[in-house]
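**Student:** One structure, as structure tokens, below. Some questions next.
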Ligand code: AMP
Ligand code: MG
């Protein structure tokens, strides 16, 4: 994932208590950061007093922690992993949150022609090993994981709030949608406390609320490691970036991304980075990952399906032997 550098307008980063000096004399900027879902999570809110900001932000971080225990594939205790460990072929009752994410992921899966696939966990687990070892998975091992991947192996019964996995060894991976989803929910929590001028940044996936006081939006810079930067001024929108700038492995001279091409089961060999803005952060997150697989031409189908979504492509990092 690329760094999305965020500078709330008119404020000094990391220093709460700055008065914007606009008509909203009571709005003070507060900023808090913590690790959530293995990533740096940051909340910026404008509130009338510190007690409200602290209480609302604590609850918002708590909401992201709670969703981690629903969605994570890094702990066997999460609801998603308990579902995957349940007997194959038996419908398993799931929470409203897990059902909601599964349905949203399915929509993007279908719209992307399968480029976005939350059921690739068996393959992403293999790739995590390759990232550490620098060795590609053996062909039979890769084929076995491919046979345990694919949304065709999963049945969703939305009415009964149940999910059935047809085959043992299927593993869900919400890594390409979960952070955006959790950022949205955290922004909802802040809004319930009356803090609408707020933004949540979960590992670079952003849920933006109303603009900071006296500003036309939150000033965002989508950037890559070549120093390219694209400035954006946004509010009430989700923003996410996918790419391999910080997460790739080079094996036998070929650079592979942590994003997999579901058609091959292998990491992408292109090194494009794409920033997506969409109505909510879960959608921006999922679309950015799908667009990475589809490329600038292929992702037109996504922006046709979601006309308000915007894609910003950053230049590839360096020529890749496989994709010169
Ligand atoms: P992101 O950084 O949002 O693009 O998410 C990347 C993460 O999503 C990876 O680390 C995997 O856990 C998972 N993933 C990889 N490839 C795909 C894919 N084609 N569809 C959905 N999730 C994927
Ligand atoms: Mg994503």
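**Student:** Mind checking the full-extension length gain between residue 233 and residue 88? Use 0.36 nm per residue of separation minus the Cα-Cα distance, one decimal, nm.
**Tutor:** Taking residue 233 through residue 88 to full extension adds about 47.5 nm, to one decimal.
**Student:** Starting from the alpha-carbon convex hull of the range 49-198, give the projected area averaged over all orientations, in nm².
**Tutor:** About 11.0 nm², averaged over all directions.
**Student:** Relative to the present Cα-Cα distance, how much length would full extension add between residue 131 and residue 166 at 0.36 nm per residue of separation?
**Tutor:** 9.7 nm
**Student:** Ok, one more. Sorting check: for 109-116, 83-90, 31-38, which peptide has the highest mean count of neighbouring beta carbons within 10 Å, and how do the rest follow?
**Tutor:** Highest mean packing first, the order is 109-116, 31-38, 83-90.
**Student:** Could I ask something else about it? Would you work out if the range 126-206 is rounded, prolate or oblate? Take a ≥ b ≥ c from the square roots of the eigenvalues of the alpha-carbon gyration tensor; rounded if a/c is under 1.5, else prolate when a/b is larger than b/c, oblate otherwise.
**Tutor:** oblate
**Student:** State whether the range 179-324 is rounded, prolate or oblate according to the following rule on the C-alpha gyration tensor (a ≥ b ≥ c being the square roots of its eigenvalues): a/c under 1.5 gives rounded; otherwise a/b larger than b/c gives prolate, and the remaining case gives oblate.
**Tutor:** prolate
**Student:** Same structure again: I need 104, 179, 132 ordered by Cβ neighbour count within 10 Å, fewest first.
**Tutor:** Listing 104, 179, 132 from fewest to most nearby Cβ atoms yields 132, 104, 179.
**Student:** When the helices in the chain are scored as -39500 (n - 2.57) per DSSP H run of 4 or longer and the sum is shared across all residues, what 222 nm value do you end up with, to the nearest 500 deg cm²/dmol?
**Tutor:** About -10500 deg cm²/dmol.
**Student:** Can you tell me which of 279-288, 160-169 comes out highest on packing, and rank the rest after it, using the mean Cβ neighbours within 10 Å?
**Tutor:** Output ranking for 279-288, 160-169: 279-288, 160-169.
**Student:** If every alpha-carbon in the range 224-273 counts as one equal scatterer, what log10 I(q)/I(0) does Debye give at q = 0.15, 0.20, 0.31 1/Å?
**Tutor:** Values returned for q = 0.15, 0.20, 0.31 Å⁻¹ are -0.53, -0.77, -1.21.
**Student:** Right, here's the next one. What is the helix-to-structure angle for 281-298, meaning the angle in degrees between its Cα long axis and the longest Cα principal axis of the chain, kept from 0 to 90 and rounded to the nearest 10?
**Tutor:** The helix 281-298 is inclined about 50 degrees to the chain.
**Student:** Also, I was wondering about something else. Over the Cα atoms of the range 88-173, each weighted equally, I'd like the Debye log10 I(q)/I(0) at q = 0.12, 0.13, 0.20 Å⁻¹, rounded to two decimals.
**Tutor:** With no solvent term, the Cα-only Debye profile gives -0.39, -0.46, -0.94.
**Student:** Please report the spacing between the Cα centers of the range 91-163 and the range 184-250 in Å, no decimals.
**Tutor:** Taking the Cα centre of the range 184-250 as reference, the centre of the range 91-163 is 26 Å away.
**Student:** Just the number, please: Stokes-Einstein D of the chain in µm²/s, Kirkwood Rh from C-alpha pairs, 4 °C, 1.567 mPa s.
**Tutor:** This corresponds to a translational diffusion coefficient of 64 µm²/s.
Bear in mind that the values in this text are calculations on the coordinates, not laboratory data. For clarity, every value in this text was computed on a predicted model and none was experimentally measured. Please note: Cβ atoms are built from the backbone with ideal geometry, for glycine as well, and neighbour counts cover all protein chains shown.
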